[in-house]
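Read through the structure below, which is laid out as structure tokens, and then see the notes.
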Amino acid sequence: MECPFCNPDKEALLYEDGLIRILIDSYPANRGHLLVVPKRHVESWEELREEEKLALLRGMELAMEKLRGTLKPDGFNVGMNLGRAAGQTVPHLHLHVIPRWEGDCRSPRGGVRKAVLDLEDENLNLRERWVRNRLSGEEIERLRAAFSRK
Ligand SMILES: [Zn+2]
């Protein structure tokens, strides 16, 4: 299977430079869920070069800035699933930037700490969320335009 981050869907690609890409997540946990990935195919944090680590943080800032300017979130969850035990399914390291809005869930308390909860416990319907959280074509265009501005 082709790596989805080495060969990203053109529609999903928002930004690219020498070291990183910013992509729209295909299974969004919330509206505007983006991924920052190193261009080089590496699975683990330890394999990254220092300049790539810094570029990922720069990409996180850029993603948050562009999301603030377009979708106006009230906050963000940022995180990485490093290793299979932590839920990593695509073996190409990626940083999730998930915009959050006041009231988008009943109990935001805990944030990324909830990563250890079983989804069944929360009675979530993931597939329904993925569909509901997809951005409209117009929203994607606004986001794309924001990334093409300086
Ligand atoms: Zn890859």
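Any read-out appearing in this document is the output of simple, stated calculations on the displayed coordinates, not a laboratory observation. Being a predicted model, the structure only gives us computed values, none of them experimental. No Cβ is skipped: glycine too gets one built from the backbone with ideal geometry, and neighbour counts run over all protein chains shown.
Let me see the P(r) profile for segment 38-84: every Cα-Cα distance counted, bins of 5 Å, each bin given as a percent of all pairs.
5, 17, 24, 22, 15, 12, 6
Between Glu11 and Cys105, what FRET efficiency comes out of the Förster formula 1/(1 + (r/R0)^6) with R0 = 25 Å and r the beta carbon distance, rounded to 0.05?
0.35
How large is the charge dipole for the chain, taken about the Cα centre, if only the Cβ atoms of Lys, Arg (+1) and Asp, Glu (-1) carry charge, to the nearest 20 debye?
420 debye
In terms of modelled amide H atoms, which long-range or inter-chain residues lie less than 5 Å from the amide H of Glu43?
Hits under the 5 Å cutoff: Leu93.
Where does the charge balance sit around Ile22 when Lys and Arg score +1, Asp and Glu -1, over other residues with C-beta under 9 Å from its C-beta?
Here the count lands on +1.
What is the gain in length, in nm to one decimal, between Asn125 and Glu47 on full extension, counting 0.36 nm per residue of separation less the C-alpha to C-alpha distance?
This chain segment gains 24.6 nm when fully extended.
If we restrict to alpha carbons, what Rg and Dmax does segment 1-55 come to, in Å?
11.5, 31
Which GluC sites (Glu not before Pro) does segment 67-150 hold that lie in a coil by DSSP with at most 10 other beta carbons within 10 Å?
Glu102
Tell me, rounded to the nearest percent, the portion of alpha carbon pairs in the chain spaced more than 22 Å apart.
Cα-Cα pairs of the chain separated by over 22 Å account for 39 percent.
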